[in-house]
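Structure, as structure tokens:
The values are calculated or read from the model by the stated rules, or taken from the named source; none is laboratory data. All values derive from a computational prediction rather than experimental measurement. A quick note on method: Cβ atoms are made from the backbone with ideal geometry, for glycine too, and the neighbour counts reach across all protein chains shown. The protein model used for the area step is the full one, side chains on, heavy atoms only, and it has no ligands, DNA or RNA in it. Shrake-Rupley method; radii C 1.70, N 1.55, O 1.52, S 1.80 Å.
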Amino acid sequence: MPVALGDRSYPIHIGSGLLGWLGSEIARHTKATRAAVVTVPAVGRRYAGTLLRSLREAGLEARKIAVRDGDAHKNLREAGRLYEALVDFGADRASVVVALGGGTVGDLAGFAAATFLRGLPLVQVPTTLLAMVDASVGGKVGVNLPRGKNLVGAFHQPRLVGIDVDTLVSLPVRQRAAGLAEVVKAGLLRDAVFFERIERDAEKLLRLERDALLPVIERACAIKAEIVAEDERESGRRMLLNLGHTLGHAIEALARYRGILHGEAVAMGIAFAARRSEALGLCPRGVAGRVEGLLGRMGLPTDLPRYPRRAYLSALRVDKKRREARIQFVALRGIGRAELVPLTPAEILPAGG
Ligand SMILES: NC(=O)c1ccc[n+]([C@@H]2O[C@H](COP(=O)([O-])OP(=O)(O)OC[C@H]3O[C@@H](n4cnc5c(N)ncnc54)[C@H](O)[C@@H]3O)[C@@H](O)[C@H]2O)c1
Ligand SMILES: [Zn+2]
């Protein structure tokens, strides 16, 4: 599947057994002679061997570089370590950075690729469902600061995205569900028929049944790719992808990025956005119930954690998507249709609401 971005266009390959032949594809798309495979131990242990072998068979010098696991380590300190490892490897302009792992690895390795030597080619090889349908597509890379998520970053499109669905077998069910939150988001944004398909197949998707899963990954990627192609640098439409993320990011920051998965925070944010849209009269009654019902079947949380309102308000004010005092809140107009509505934090979270 292509992502259409003019001279920065790139293909997304989706399939089974992909890691075994991705090396030659990477060689063809980047012309690199060296590949740094950046990964975390839990993923590298299982999948780096196959990928390194296929890179070497394609004639590249390949090395695995391990970074620390978890969103709490997606920061400047870890990026600094990664730069050092790239220097040790002798990475130069003829080198490619291959991010093998979830969105955390993709964002961190992507950020290093965007900045090391003012930019090295990047290949995304996502191994979580969330990274497959969302984080690996679109070119946003970055790290967190203590005061907020993804506050430092860049746009750096990959040369290629390689999605091997076989890697999902080792992914814990809680992580699968978290990825499905972004799939639900894609359906809500622009495809009611796709949303119905997710409703029909929710349990099969959690069990990774191939026939249900492949088309869903494909469609979710396509929706993300379409929206990115319409607005690569997030001046307008791309902000729709923040559905559920305004509150989601606030929840993650309030939890200090611990104990809660990104997709779970997004699920709460999506459910909140649906309820709020309904309360504001922006979408028909019943939409919020349907959204909550689906997320609930996936084992995802739909109620906001109980932090004081003023904590939420100050977290919302740090969000970088702030424009003047208003935030472009992504509201639902129905299943498959969303719209940006500029609201102040206090309007998003009215007192006693
Ligand atoms: N750049 C973007 O556009 C974008 C979009 C959405 C999310 N994100 C970012 O992505 C991050 C979240 O990504 P995530 O949900 O993939 O989490 P993650 O990368 O932290 O991975 C979750 C856990 O699963 C493990 N894991 C990964 N693949 C596995 C596999 N195949 N088998 C077993 N274990 C595996 C990891 O080691 C990790 O412990 C956040 O930092 C978020 O900000 C970025
Ligand atoms: Zn997200």
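What about residue 221, is it without any contact (Cβ under 8 Å) to a residue 60 or more places away in the chain and either buried (at least 23 other Cβ atoms within 10 Å of the Cβ) or within 24 Å of residue 197 (Cα to Cα) (or both)? Even if it seems obvious, please write down each step before you answer.
Details: without any contact (Cβ under 8 Å) to a residue 60 or more places away in the chain: no; either buried (at least 23 other Cβ atoms within 10 Å of the Cβ) or within 24 Å of residue 197 (Cα to Cα) (or both): yes.
In short, no.
Which is in contact with a His (Cβ under 6 Å, 6 or more places away or on another chain) and either among the charged types (D, E, K, R) or touching a residue at least 12 places away in the same chain (Cβ under 8 Å) (or both), of 147, 190, 159?
Details: 147 fails: in contact with a His (Cβ under 6 Å, 6 or more places away or on another chain); 190 fails: in contact with a His (Cβ under 6 Å, 6 or more places away or on another chain).
Going through 147, 190, 159 in turn, just one is in contact with a His (Cβ under 6 Å, 6 or more places away or on another chain) and either among the charged types (D, E, K, R) or touching a residue at least 12 places away in the same chain (Cβ under 8 Å) (or both): 159.
For region 48-73, what are the residues that are modelled with pLDDT of 95 or more, within 12 Å of ligand 1 (Cβ to nearest atom) and in contact with a helix residue (DSSP H, G or I) (Cβ under 7 Å, 6 or more places away or on another chain)?
Within region 48-73, 66, 67, 68, 69 qualify.
The rows are residues; the columns are (1) touching an Asp or Glu at 6+ places or on another chain (Cβ under 6 Å); (2) aliphatic (A, V, I, L, M); (3) open to solvent by 20 Å² or more (accessible area, probe 1.4 Å).
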| position | (1), (2), (3) |
| --- | --- |
| 38 | no, yes, no |
| 41 | no, no, yes |
| 66 | no, yes, yes |
| 69 | no, no, yes |
| 86 | no, yes, no |
| 98 | no, yes, no |
| 127 | no, no, no |
| 142 | yes, no, no |
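With region 182-280 as the region, which helices (runs of 4 or more DSSP H) entirely inside it contain at least 3 residues that are under 13 Å from residue 134 (Cα atoms)?
On the way: elements: 192-206, 210-230, 245-254, 262-279.
Passing ranges, in order: 210-230, 262-279.
Within region 248-265, how many residues are among the aliphatic types (A, V, I, L, M), within 13 Å of ligand 2 (Cβ to nearest atom) and in contact with a Lys or Arg (Cβ under 9 Å, 6 or more places away or on another chain)?
Summing the residues that are among the aliphatic types (A, V, I, L, M), within 13 Å of ligand 2 (Cβ to nearest atom) and in contact with a Lys or Arg (Cβ under 9 Å, 6 or more places away or on another chain) in region 248-265 gives 1.
Have a look at 281, 263 and point out the one that is small (Gly, Ala, Ser), at pLDDT 95 or above and surrounded by 14 or more Cβ atoms within 10 Å (Cβ to Cβ).
Working: 281 fails: surrounded by 14 or more Cβ atoms within 10 Å (Cβ to Cβ).
None of the others qualify; the one that does is 263.
Residues to consider are 236, 269; find the one that is within 16 Å of ligand 1 (Cβ to nearest atom) and either closer than 24 Å to residue 152 by Cα or open to solvent by less than 40 Å² (accessible area, probe 1.4 Å) (or both).
Values: 236 fails: within 16 Å of ligand 1 (Cβ to nearest atom).
Of the residues listed, the single one that is within 16 Å of ligand 1 (Cβ to nearest atom) and either closer than 24 Å to residue 152 by Cα or open to solvent by less than 40 Å² (accessible area, probe 1.4 Å) (or both) is 269.
Suppose we keep only residues that are exposed (fewer than 14 other Cβ atoms within 10 Å of the Cβ) and of a type outside the set (A, V, I, L, M) within region 340-353. Which one would you say is modelled with the lowest pLDDT? Step through it out loud before you land on a result.
So the first thing to find is which residues in region 340-353 are exposed (fewer than 14 other Cβ atoms within 10 Å of the Cβ), and the list is 342, 346, 350-353.
Adding the requirement that they be of a type outside the set (A, V, I, L, M) leaves 342, 350, 352-353.
Working: 342: 94, 350: 92, 352: 76, 353: 65.
Here the answer is 353.
Just to be sure, is residue 316 buried (at least 20 other Cβ atoms within 10 Å of the Cβ), under 20 Å from residue 348 (Cα atoms) and among the aliphatic types (A, V, I, L, M)? Don't jump to the end; show me each part of the working.
Values: buried (at least 20 other Cβ atoms within 10 Å of the Cβ): yes; under 20 Å from residue 348 (Cα atoms): yes; among the aliphatic types (A, V, I, L, M): yes.
When the stated conditions are applied, residue 316 passes them.
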